[in-house]
Amino acid sequence: MYAKCLKGVGYGAMVLLAAGIITLIDTSSACAAGSAPMIGKWIAPIIYIGAFALLANGFMHLDPERKKADERVVGIITATAGVMWWPFLITMNAVHGLGHLTYFITGLAGMYAFAFTALGIIEIFQLPKKSLGGVFILIGWLTLAYSIFLISATNPTGHGTWVYHFTITFVWFVAMNFAGLFMLGKMKERVAGWIVTFAALYTFAIPAVLWSMPPGLRGPF
């Protein structure tokens with residue numbers, strides 16, 4: 001039953017791919033016409049995709065015996081998410097879709113696109129994760145640098161400070177370090193599972209919903 005649910009998540013990810021392509025076309029057309037696209041048009045689709053990947057991994061790690069989870073299925077979901085991010089990031093850079101924040105945000109997102117893609121491939125082929133563990137920890141600390149900037153900067157969009165954004169990147173910092181330590185054999189799997197599941201909801205699912213809302217209803221976004 002659990003594996004069927006994960007397959008359902010995979011099918012949902014493919015639906016998101018189609019929605020993402022439509023979003024890219026719509027956003028690119030807006031740029032060509034000279035109107036600035038809303039940030040949510042770029043961010044929301046890839047954040048939803050990230051939520052799928054993290055949630056699938058979190059649920060899997062909460063089942064260490066793999067009685068209900070299939071690691072290869074989770075790997076397909078994770079690799080699909082990573083690959084789906086790249087067209088968004090490339091196009092976002094090409095049209096400067098986030099204004100002066102474009103390279104700042106795509107630099108951060110690019111690290112996670114790589115992490116999702118690499119992790120998915122390793123899970124599909126059941127390869128050792130120790131080498132990737134160190135990479136995850138490094139990405140976590142680089143994310144901390146982003147979080148320090150966000151907590152010390154003023155949000156130029158007029159929505160006050162970036163405190164909530166800081167909490168998102170700080171949770172990523174913690175989650176990537178815990179995931180890396182688990183891959184290195186220095187962290188209990190269930191603990192890593194709870195951290196990753198929380199990160200999927202707090203840093204991906206909730207922000208994706210907020211970014212999808214009309215202007216004025218996005219809270220801290």
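The values are calculated or read from the model by the stated rules, or taken from the named source; none is laboratory data. Nothing here was measured: the structure is a model prediction, and the numbers come from that model. All Cβ positions, even for glycine, are placed from backbone atoms using ideal geometry, and neighbour counts span all protein chains on display. Protein only, heavy atoms only, side chains kept; ligands, DNA and RNA dropped before computing areas. Shrake-Rupley method; radii C 1.70, N 1.55, O 1.52, S 1.80 Å.
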Completion exercise
The lone condition Phe116 fails out of (1) touching a helix residue (DSSP H, G or I) at 6+ places or on another chain (Cβ under 6 Å); (2) at pLDDT below 95; (3) closer than 17 Å to Thr203 by Cβ is (2)
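Suppose the filter is at pLDDT 80 or above, open to solvent by 60 Å² or more (accessible area, probe 1.4 Å) and either touching a His at 6+ places or on another chain (Cβ under 9 Å) or not small (Gly, Ala, Ser) (or both); does His96 pass it? Working first, answer last.
Numbers: at pLDDT 80 or above: yes; open to solvent by 60 Å² or more (accessible area, probe 1.4 Å): yes; either touching a His at 6+ places or on another chain (Cβ under 9 Å) or not small (Gly, Ala, Ser) (or both): yes.
Against the criterion (at pLDDT 80 or above, open to solvent by 60 Å² or more (accessible area, probe 1.4 Å) and either touching a His at 6+ places or on another chain (Cβ under 9 Å) or not small (Gly, Ala, Ser) (or both)), His96 qualifies.
Please tell me if Leu142 is open to solvent by 60 Å² or more (accessible area, probe 1.4 Å) and closer than 19 Å to Gly50 by Cα. Explain how you work it out, then say what you get.
On the way: open to solvent by 60 Å² or more (accessible area, probe 1.4 Å): yes; closer than 19 Å to Gly50 by Cα: yes.
In short, yes.
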Completion exercise
With the first residue restricted to region 181-204 and required to be under 18 Å from Lys129 (Cβ atoms) and part of a helix (DSSP H, G or I), and the second required to be open to solvent by less than 50 Å² (accessible area, probe 1.4 Å) and of a type in the set (Lys, Arg), Cβ contacts under 8 Å at 6 or more apart or on different chains are Met183/Lys129
Practice task
State yes or no: is Leu101 at pLDDT below 95, open to solvent by less than 20 Å² (accessible area, probe 1.4 Å) and more than 17 Å from the chain's Cα centre (by Cα)?
Solution key: no
Handout entry: Residue that is modelled with the lowest pLDDT [pool: residues in region 53-91 that are basic (Lys, Arg) and under 18 Å from Ile122 (Cβ atoms)]
Key = Arg66
Practice task
Say whether the condition of being modelled with pLDDT under 90, over 23 Å from Phe198 (Cβ atoms), open to solvent by 70 Å² or more (accessible area, probe 1.4 Å) and not in a helix (DSSP H, G or I) is met by at least one residue in region 37-52.
Solution key: yes
Exercise for the section: Might you check whether a residue that is in contact (Cβ under 8 Å) with a residue 40 or more places away in the chain, within 23 Å of Ala145 (Cβ to Cβ) and open to solvent by less than 10 Å² (accessible area, probe 1.4 Å) occurs anywhere in region 65-88? Expected result: yes
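If I filter region 162-188 down to residues being farther than 13 Å from Gly140 by Cβ and β-branched (Val, Ile, Thr), which single residue comes out as surrounded by the fewest Cβ atoms within 10 Å (Cβ to Cβ)? Before the answer, list the steps.
Here is the first cut: in region 162-188, the residues farther than 13 Å from Gly140 by Cβ are 162-168, 185-186, 188.
Among the residues that remain, those that are also β-branched (Val, Ile, Thr) are: 163, 167-168.
Values: Val163: 11, Thr167: 16, Ile168: 22.
For region 162-188, the residue satisfying everything is Val163.
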